[in-house]
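Everything on this sheet refers to the single structure shown next.
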């Protein structure tokens, strides 16, 4: 009895693997995994992260501080801030009383020295005085004449006039105020050489140095845009702000551009194309160097090395390796493999050309 049960048990044990194999063969093969949905973006289609632009103030390239050449008390001020002035126009005057007295005293000394010199010339002609005595009187007369000329010039220095056409951008003295020689009273700006003064953060310097062309727009009128060029870039950071001063010259400003306006400066490369930027999430490090996953026309991905000029808080500015119009992967870059088939998540399947 036991022998029969044992035989049936061994028969079932031998048949079980065969039944499992037959059952497995009867099942269908699992379907292939669908392409991975990936969030992508077209390079240059829209701004990503921080815009590479800077706010600044419209100033004149030539700003001349004007001051009196002598000290004195201001008697009159004839212009205010914002006034347009012409070359030679009178701007302010000093009290002329002291300079008039100085000129009168110097003229009296000159007349006295002139009379002494003439008298000694006559005496020398009669051989009553030596040549040395005459020379001393001639020297005294020459010095007195020079002193009289200086006093007359200083009397003219009581009038402060404009050296060139321009706009009064600063008034730093009032009527009744006593000013010293060389103390700035006015600042005159030339309106024919307008530019925008901006400050460049140190992190943006590598990105800005190779650039020259720029576009200037006014905050007062965002539809107004002007071509500009980077004219000056400081090599030393400001001790307080730790930024680098730069001046961008506006090539053809019109009447809308006024001194003191707030403007926005956006730089572009030599070809006139704006610098391309990508989100930081799109940067893949390959061997310690940045790269992007580029989507092909067949919707497969390939890893391409790129050059990054600078990194911002949320984006990176590219210097090369990719061009506008190419589609790249924005997120999930560490889950992809070369040649992998993908689908475009949240976008129409329009591959890059």
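We did not get these values from a lab; they are worked out from the coordinates using the rules stated. These figures come from a predicted structure and were not determined experimentally. In this analysis, Cβ positions are derived from the backbone assuming ideal geometry, glycine residues included, and neighbour counts consider all displayed protein chains.
Normalised by the number of residues in segment 148-305, what is the relative contact order in percent for Cα pairs under 8 Å and 6+ residues apart?
18 percent
Each of residue 174 and residue 217 was given a label point 7 Å from its Cα along the Cα-to-Cβ line. The distance between the two points is 4.2 nm. Hull volume per residue, based on the alpha-carbon atoms of segment 97-156 and their convex hull, is 51 Å³. Length available on full extension from residue 165 to residue 181: 0.36 nm per residue minus the Cα-Cα distance, which gives 3.4 nm. Using the Cβ-Cβ distance between residue 119 and residue 227 with R0 set to 51 Å, the FRET efficiency works out to roughly 0.10.
Taking 0.36 nm per residue of separation and subtracting the Cα-Cα distance, what length does fully extending residue 76 through residue 62 add?
2.4 nm
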